[in-house]
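Have a look at the structure below, then the notes.
Nothing in this text is a laboratory measurement; each read-out follows from the coordinates by a stated rule. Nothing here was measured: the structure is a model prediction, and the numbers come from that model. Positions of Cβ are backbone-derived with ideal geometry, glycine not excepted, and every protein chain shown enters the neighbour counts.
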Amino acid sequence: MGNDRASAQAHLMPHFTSGAAWNSDNLATIERGEGCYVWDTDGNKYLDGLAGLFCTNLGHGRSDLTAAASKQMDKLAFFPTWGWSNPPAAEAASMIAASAPGDLDEVFFVSSGSEAVESALKFARNYHVSQGDEGRYKVIARDWAYHGTTLGTLAVTGIPKFKTHYAPMMWDGVRHVRNTCGDEIPDGGSASDLACVRAVEEMILAEGPETVALVIAEPVQNGRGAVVPPDGYWQELRRICDKYGVLLCADEVINAFGRLGHFTGSERFGVVPDMITFAKGVTSAYLPLGGVIIRRPLVEAVWESPVAMFNHGSTFGGHPVSTAVAVANMRAMHDEQVFDHVLNNEDYFRSQLEGVQAAHNCVSEVRGTGYFYAVEFCADAANGVALTEEQHTGLRGGVLAQYVRDAKIMIRPDDRGATFLAICPPLVADRAVIDDLAARVDQIVARTDQWLA
Ligand SMILES: Cc1ncc(COP(=O)(O)O)c(C=O)c1O
């Protein structure tokens, strides 16, 4: 371990990690995984309660996925989709199209979630230009949304701490509106009365509908902590976008491939958006792959216009090895009935977390659905007292991270608009794993309760 840690600290640049944290003795080197557990080079075993980073959907150590990669590498390791097709890319696209809602039948592959969102932004613009609607370029996104870190997608992301330093480098066409967190349909009203719905329409009208290209949102928003939309929210987004000629994109980089017990979150909420972005779970993270699924009529409209093409691309889009793994991953999800497994266990999962909430006074809410939850902290749940700024700062400043480390579980202490734990294990977690996860969360919450006291 000493050598692994020393060479990482000397040469490996971490993502979103301070130098102090990286250079501390807490840095673990994860070398092996099986199912829902991983081991570091000191032999410590951890429960992977975040599916890596919301992505190892089938869990670790799947030899069927590695075999699919190896077989494809032997046959054809690489060829681009710039003017050529390859069998696994075509098969993966067909399988995705067959399972995506409505006429979302065209799949554009890239290598990550940021690239997927970047592609959706550019397709929206490309489409409007192809239809002679040159004025449309603005994008409406939501507060606390995470849509990626490239400069284009960072502008769409709604989490201030990631954006601050880069503000002068970002385009100014993005408007943020409130998300659905805490929003309820007023008594006697309907989904169209939701403040989070009205905010979208009001923003389109304020900007001028003829300037707006796209509305983008996650079905269940990760940024603010597994925020499940109120009934009818997505139908309202669809209605508003249709009314003003704006395209609608569901960013399903986390939601798709079973996280909510369905192929897509859009299916779960009964909506057909114009585009669905995906990444992460499409290969259960065995290889990098992302993409955007687009409604066929929109693609045909571009192809039949003078513009004639989606004027965008990258070297590894439709990579044969990544897409071969995607095919094997989707087949395994189907054969092993992974979505049913999630649906059969989601209530149990939630009840175990609610049990933790009931046993302690510092949890204000357990939110989420499927295999995707947030446990949000407060100072005193019985009396409805929120955390003070000092308490937020203390918990986020290392206290929660230490409790999580001590419990040997990978879940994320989060600070986006609240202090909460993000929980998102591999979809193959059974009730024994859920019990283990809940016991470790209970340990963390109990220590948090003591710290607050
Ligand atoms: C909803 C959503 N969109 C986009 C991204 C960006 O994906 P990536 O990190 O693969 O670029 C993420 C990453 O977590 C995400 O959750």
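Provide 203, 73, 330 in ascending order of the number of other Cβ atoms located within 10 Å of each residue's Cβ, fewest first.
Ordered from fewest to most neighbouring Cβ atoms within 10 Å, 203, 73, 330 come out as 73, 203, 330.
Neighbouring Cβ atoms within 10 Å as the yardstick, rank 210, 304 fewest first. Could you put the intermediate results ahead of the total?
On the way: 210 13, 304 10.
Fewest to most other Cβ atoms nearby, the residues stand as 304, 210.
Looking at the chain, what % of its DSSP beta bridges pair antiparallel, to the nearest 5?
For the chain, the DSSP antiparallel bridge percentage is about 70.
Compute the Kirkwood hydrodynamic radius of the range 64-335, taking the inverse of the mean of 1/r over all pairs of distinct Cα atoms, and give it in Å to one decimal. Kindly include the intermediate steps, with their values, before the conclusion.
On the way: mean 1/r = 0.0529 Å⁻¹.
About 18.9 Å, per the Kirkwood formula over Cα pairs.
Most exposed first by the Cβ proxy, i.e. fewest other Cβ within 10 Å, how do 18, 130, 190 rank?
Ascending Cβ contact count within 10 Å gives the list 18, 190, 130.
Among rounded, prolate and oblate, which fits the range 1-58 when a ≥ b ≥ c are the square roots of the eigenvalues of its C-alpha gyration tensor, a/c under 1.5 means rounded, and a/b larger than b/c means prolate? Don't skip to the answer; put the middle values down first.
Details: a/c = 2.44, a/b = 1.52, b/c = 1.61.
Cα axes put the range 1-58 in the oblate bin.
Using each residue's phi in the range 152-157, evaluate 6.51 cos²θ - 1.76 cosθ + 1.60 at θ = phi - 60° and report the 3J(HN,Hα) Karplus result to the nearest Hz, with x for Gly and Pro.
x, 6, 5, 5, 7, 4
The range 191-262: which chymotrypsin sites (Phe, Trp or Tyr not before Pro) are DSSP loop and have at most 16 other beta-carbon atoms within 10 angstrom?
Sparse-neighbourhood loop chymotrypsin sites (Phe, Trp or Tyr not before Pro): none present.
Which of the peptides 143-152, 333-342 is most tightly packed, and how do the rest follow, going by the mean number of other Cβ atoms within 10 Å of each residue?
Order by mean packing, descending: 143-152, 333-342.
Among 228, 84, 168, whose Cα projects farthest towards the positive end of the dipole of the range 64-335, with charges put on the beta-carbon of Lys, Arg (+1) and Asp, Glu (-1)?
The residue sitting most towards the positive pole is 168.
Per residue of the range 247-264, what does 6.51 cos²θ - 1.76 cosθ + 1.60 with θ = phi - 60° give for ³J(HN,Hα)? Whole Hz please, x for Gly and Pro, Karplus curve as stated.
Going residue by residue, I get 7, 10, 10, 8, 7, 10, 4, 9, 5, 6, 6, x, 4, 9, x, 9, 4, 10 Hz, with x marking Gly and Pro.
What list of ³J(HN,Hα) couplings, whole Hz, do you get for the range 431-443 from phi and the Karplus terms 6.51, -1.76, 1.60, once you set θ to phi - 60° and write x for glycine and proline?
5, 5, 5, 4, 4, 4, 4, 4, 5, 6, 5, 4, 4
Summing +1 for each Lys or Arg and -1 for each Asp or Glu, what net charge is found among the other residues whose Cβ lies under 10 Å from the Cβ of residue 29? All intermediate terms of the calculation are to be shown ahead of the outcome.
On the way: positive: 5; negative: 4, 31, 40, 42.
Residues near residue 29 contribute -3 overall.
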